[in-house]
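Okay, so here's the structure we're looking at.
The values are calculated or read from the model by the stated rules, or taken from the named source; none is laboratory data. This is a predicted model, so every value here is computed, not measured. Cβ sites come from the backbone with ideal geometry, for glycine too, and all protein chains shown count toward neighbours.
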Amino acid sequence: MTCADEKMRGGLKRMFLINRTALTDSSFTPGVYHDYTAVSVASTSSAANQWHEFEFEDETGSATFETTINDNNTKSIGGTVTVTIPRQEKIKAQRLQEALDSCKLVAICETYQGQSFVYGYDQVIGNYGCEAGVNGTNGPTFDDNNSYEFRLEFRHLEIPRQFYGTIITGNGAVTLTDPS
């Protein structure tokens, strides 16, 4: 452990989503450690088959997971990525509905520490995907919250892997680096 380990900041900074149908079970290239160094999509012919940056309110994104040990001694890892999207309105509702209507999603989430992790895909079961869910809040008083809570629920057979490399989004390329 280093001094930098004691000063780690939590929270998600950015999230990139893609429909799992745009990926194959060999879309992610594993690195030397528990990581991925590249990702490729099945087709880049349309923006619908590319990664999309999913915007959310600052300091509201989190990712959690825990291991379950089953009766037959197999282990699975289930988790949730949750973000808050401020102010309910039709454009945001449309985008959230598209996420709900998708088969399943795969996410790459960047932390405030500059590390990125993959949810909905692992080396054991491949392109399993995340289920999307949405909750809404619009409280009765002026200072109550008016927002959507967007969440992705996933199941892996291994701990989520770190990602660094370039992903192609609908607006171009984004390179996520390995800060270590």
message: Looking only at residues that are on the phi < 0 side of the Ramachandran plot and assigned to a loop (DSSP other than H, G, I, E, B) in region 113-122, which one is surrounded by the most Cβ atoms within 10 Å (Cβ to Cβ)?
response: Tyr121
task: Exactly one condition in (1) within 23 Å of Gly126 (Cα to Cα); (2) at pLDDT 90 or above is not met by Trp51; state its number.
output: (2)
- prompt: If we scan region 86-97, do we find a residue that is in contact (Cβ under 8 Å) with a residue 40 or more places away in the chain, under 20 Å from Tyr121 (Cβ atoms) and not charged (D, E, K, R)?
  reply: no
- prompt: Within region 44-52, can one find any residue that is surrounded by 15 or more Cβ atoms within 10 Å (Cβ to Cβ), among the small types (Gly, Ala, Ser) and under 27 Å from Gly165 (Cα atoms)?
  reply: no
- line: Within region 72-112, the count of residues that are part of a loop (DSSP other than H, G, I, E, B) and within 18 Å of Ile159 (Cα to Cα) comes to 2
- request: Tell me which of these Pro86 doesn't satisfy, since it passes every other one: (1) surrounded by fewer than 17 Cβ atoms within 10 Å (Cβ to Cβ); (2) under 13 Å from Glu131 (Cα atoms); (3) touching an Asp or Glu at 6+ places or on another chain (Cβ under 7 Å).
  value: (2)
